[in-house]
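Shown next, in structure tokens, is the structure this report addresses.
Just so it is clear, none of the values below were taken in a lab; they were calculated from the coordinates. Predicted model, so just to flag it, every value in this text is computed and none were measured. Ideal geometry is used to build each Cβ from the backbone, glycine not excepted, and the neighbour counts take in all protein chains shown.
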Amino acid sequence: MTMGLRAKNRRLKQEALIAAATRLFEEKGFDATQMEEVAAMAGTATATAYNYFDSKNKLLTTIMLRQLRLNLPARRRLLNDLPEHPVEGIIAFERLLAQQTLRLLGKRAWRAVFRAGYDNEDSGLKRIGKTLSWIISLHYRRMFEIYRQRGRLAPDVDVSLAAELTVIAGTAYFSRFLMHDEMTVEELLEFIPSYAKVILSPWTIAEASHPTGGAG
């Protein structure tokens, strides 16, 4: 077997394991899924699966990193074409985040990611969770800087603080969204205008009118 064929077969097996894990994490939940089941669905031996991914955490981390790479272009496009008002910008960005979050992984898998953030043990899941929050914070800093340049936020706006507070509030409500299977993205977005207005109120230019309702 040539090196090129070996590499191709390795990629195919890896993709099969990732696809199987993605499906099982959503159908059964992260905790209930066993590596043996992932291997069986992928059509490979359990020992082979462990050669590619030494744990379920590593599998989920790989899926999340892939999702992150796929998500970045759409976020950049939004930042290059923001709505007129900062609150509308937050709503649009949070809508995009929610849609992207559920594209490859469902709520049940994301619960494991959020739970890892509270574990004492340093893990790949915990690190990727921190990385995701950091990247979202960077996006919000960029957003608020753009609105400052447009004159929609005051010249003295603390973009770092505003971004940090927005991420904290968004994460809290997103956690609530994950914990309730019946809660929809639209219901999640209904919370955004109220906390966005509070966070931005010290720096919002008076002439700019606030949206009064949820995302339309």
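Please list, in order, the residues from region 152-191 whose amide nitrogen is less than 16 Å from a point placed 7 Å along the Cα→Cβ vector of ILE205.
What the label zone holds, given the 16 Å backbone N cut-off, is 152-158.
Figure the gain on full extension for GLN149 and GLU36 (residue separation times 0.36 nm, minus the Cα-Cα span) and round it to one decimal in nm.
35.3 nm
How big, in percent, is the set of alpha carbon pairs in region 1-120 lying more than 25 Å apart?
37 percent
What distance in nm separates the two pseudo spin-label positions at PHE114 and ASN80, each 7 Å out from Cα along the beta-carbon direction?
That separation, rounded to one decimal, is 3.3 nm.
If the cut-off is 20 Å between C-alpha atoms, which aspartates and glutamates fall inside it for LYS197, apart from same-chain ones fewer than 8 positions away?
GLU84, GLU88, GLU94, GLU145, ASP156, ASP158, GLU164, GLU186, GLU187, GLU207
State to the nearest 20 debye the size of the charge dipole of the chain about its Cα centre, where the only charges are +1 on K and R beta carbons and -1 on D and E beta carbons.
Computed charge dipole of the chain: roughly 1040 debye.
On a C-alpha basis, how far is the centre of region 26-84 from the centre of region 159-178 in Å? Whole number, if you could?
So the two Cα centres are separated by 23 Å.
I'd like to know which of ALA42, TYR173, ASN9 lies farthest towards the positive end of the charge dipole of the chain, counting +1 on Cβ of Lys and Arg and -1 on Cβ of Asp and Glu.
Toward the positive end, the furthest listed residue is ASN9.
Please give the charge dipole size of region 49-134, origin at the Cα centre, charges +1 on K and R Cβ atoms and -1 on D and E Cβ atoms. Round to the nearest 20 debye.
320 debye
Between GLU94, GLU36, GLU26, where does the largest GNM mean-square fluctuation fall for the chain, given springs only between Cα atoms within less than 10 Å?
So, out of GLU94, GLU36, GLU26, the one fluctuating most is GLU36.
Excluding same-chain residues fewer than 8 positions from LYS126, which aspartates and glutamates have a Cα within less than 16 Å of its Cα?
The reachable aspartates and glutamates, counting only those whose Cα sits under 16 Å from LYS126, are ASP31.
Using bins 5 angstrom wide from zero, how does P(r) for region 1-54 break down, in % of all Cα pairs?
4, 22, 29, 22, 13, 6, 4, 2
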